[in-house]
Amino acid sequence: MPEQPPYEPGGAVAGTGMGGAMDLGASEATTLERAPGGPQGAGPSGRPRSLWSDAWRDLRRNPVFLASALVILFLVLISLWPSAIASGSPLACDLAKSQEGPGPGAPFGYDGQGCNVYTRTVYGARASVTVGVCATLGVAVLGSVLGGLAGYFGGVWDSLLSRVTDIFFAIPVVLGGLVLLSVVTSNTVWPVIGFMVLLGWPQVSRIARGSVITARQHDYVQAARALGASDSRILLRHIAPNAVAPVIVVSTIALGTYIALEATLSYLGVGLKPPSVSWGIDISAASPYIRNAPHALLWPSGALAVTVLAFIMLGDAVRDALDPKLR
């Protein structure tokens, strides 16, 4: 037998993997026992990181996410407190100043009715953000519930939901808005939000259904079912946390689409209606004066474009962070 190295206090003996041994100092032995940072994929405490912690770490390092998040945060703040950066009322107009250019108190000039374009642009963010956020929440909740239940239980309910979603997908969104909202006389944002939820849930429903079908086939779901877990516990504790990521990604990207849709419907005269303040209304009112007063059209159009782009960029960043295939 090969002679073993003498034992030294504070030292350690480690196998070489070839029948021999090597003498290690105390510090070297500690290094082998606990590598710096823990195993790969573990956090500072040595525990494995979850999908959400990994996603948040990636998002914090993504400049696209940071830039879009700052823009969205600014939009939310001016939606809640528009008077903080814009003085006066957006409905206060003076025909004597019609189509005037930028001046003191009106850095964006005046529109065809003599309204302050800067004030109306700031206040117009409230309607767009409200419609986008509320419509997205409604679509995500309704689509997730219907699609998740159909994907988990299957059978006749799954077949019925598939046929219903096919019917809704066949309805053109803008044409449906012209038909359904043309009979609404309310000046609030709720009819527009209800229309978007009505026609928007099928897309989220199909995504949620596919995610639940994939998640219910995993071993941990089969083990929970074998241990006698109820369907509600399996859905809420095991399937929902692992199937919600695609829904979050699609909903985040769709938020910008709903804001653009609200502006489109308001431009066509069936969305928000005066005296409501909306970027779509201002774009529609400024279109006939584009040659004489282009500023009245460019500023609300630019605000709309920046807002939609910010939400789309945010959705792309969230998708990259939550998709393991893109790591």
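Kindly indicate whether any position in the stretch 124-132 is open to solvent by 70 Å² or more (accessible area, probe 1.4 Å) and closer than 20 Å to Ile259 by Cα. Yes, the stretch 124-132 has at least one match.
With respect to (1) open to solvent by 20 Å² or more (accessible area, probe 1.4 Å); (2) over 25 Å from Leu180 (Cβ atoms); (3) under 18 Å from the mean Cα position of the chain (by Cα), the lone exception for Tyr220 is condition (3).
Contact map, the stretch 60-71: residues that are hydrophobic (A, V, I, L, M, F, W, C) paired with residues that are open to solvent by less than 50 Å² (accessible area, probe 1.4 Å), Cβ distance under 6 Å, separation 6+ or inter-chain. Pairs shown: Val64/Ala317; Phe65/Leu59; Phe65/Ala317; Val71/Ala310. Taking Tyr152 as the residue in question, decide whether it is surrounded by fewer than 23 Cβ atoms within 10 Å (Cβ to Cβ), at negative phi and in contact with a strand residue (DSSP E or B) (Cβ under 7 Å, 6 or more places away or on another chain). The answer is no for Tyr152.
Taken over the stretch 188-214, the criterion of being under 20 Å from Gly271 (Cβ atoms) and part of a helix (DSSP H, G or I) is satisfied by Trp190, Pro191, Val192, Ile193, Gly194, Phe195, Met196, Val197, Leu198, Leu199, Gly200, Trp201. The helices (runs of 4 or more DSSP H) located wholly in the stretch 215-327 that include 1 or more residues which are within 26 Å of Val141 (Cα to Cα) and touching a Phe, Trp or Tyr at 6+ places or on another chain (Cβ under 7 Å) occupy 245-268, 295-322.
Scanning the stretch 71-94 for residues that are assigned to a loop (DSSP other than H, G, I, E, B) and among the β-branched types (Val, Ile, Thr) yields a single hit, Ile85. Taking the conditions (1) more than 20 Å from the chain's Cα centre (by Cα); (2) under 22 Å from Tyr258 (Cβ atoms); (3) not hydroxyl-bearing (Ser, Thr, Tyr) in turn, Ala215 satisfies each one other than (2). Checked against the criterion of being in contact with a Gly (Cβ under 9 Å, 6 or more places away or on another chain), modelled with pLDDT of 90 or more and surrounded by 11 or more Cβ atoms within 10 Å (Cβ to Cβ), the stretch 84-91 has at least one qualifying residue.
To keep it simple, each residue is scored yes or no on (1) farther than 15 Å from Thr121 by Cα; (2) of a type in the set (S, T, N, Q).
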{"position": "Val270", "(1), (2)": "yes, no"}
{"position": "Trp279", "(1), (2)": "no, no"}
{"position": "Ser284", "(1), (2)": "no, yes"}
{"position": "Pro288", "(1), (2)": "yes, no"}
{"position": "Arg291", "(1), (2)": "yes, no"}
{"position": "Ser301", "(1), (2)": "no, yes"}
{"position": "Thr307", "(1), (2)": "no, yes"}
{"position": "Asp323", "(1), (2)": "yes, no"}
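In the stretch 114-133, the residues that are under 16 Å from Ala254 (Cβ atoms) and of a type in the set (A, V, I, L, M, F, W, C) form no Cβ pair under 8 Å with any partner that is open to solvent by less than 20 Å² (accessible area, probe 1.4 Å) and not in a helix (DSSP H, G or I), whether six or more places apart or across chains.
Checked against the criteria, Ser251 counts as within 19 Å of the chain's Cα centre (by Cα), open to solvent by less than 80 Å² (accessible area, probe 1.4 Å) and closer than 30 Å to Pro300 by Cβ. Tell me whether the stretch 268-279 contains one or more residues that are surrounded by fewer than 20 Cβ atoms within 10 Å (Cβ to Cβ) and under 30 Å from Ala245 (Cβ atoms). Within the stretch 268-279 (the criterion being surrounded by fewer than 20 Cβ atoms within 10 Å (Cβ to Cβ) and under 30 Å from Ala245 (Cβ atoms)), the answer is no, since none of the residues qualifies. Of the residues in the stretch 71-82, at least one is open to solvent by 60 Å² or more (accessible area, probe 1.4 Å), under 19 Å from Ser276 (Cα atoms) and at pLDDT 90 or above. Note on the stretch 50-70: among residues that are modelled with pLDDT of 80 or more and not in a helix (DSSP H, G or I), the one that is surrounded by the most Cβ atoms within 10 Å (Cβ to Cβ) is Asn62.
The values are calculated or read from the model by the stated rules, or taken from the named source; none is laboratory data. Since we're looking at a predicted model, the values are computed, not measured. Ideal geometry is used to build each Cβ from the backbone, glycine not excepted, and the neighbour counts take in all protein chains shown. Each accessible area value is taken on the protein alone, full model and side chains, heavy atoms only, with ligands, DNA and RNA left out. Shrake-Rupley method; radii C 1.70, N 1.55, O 1.52, S 1.80 Å.
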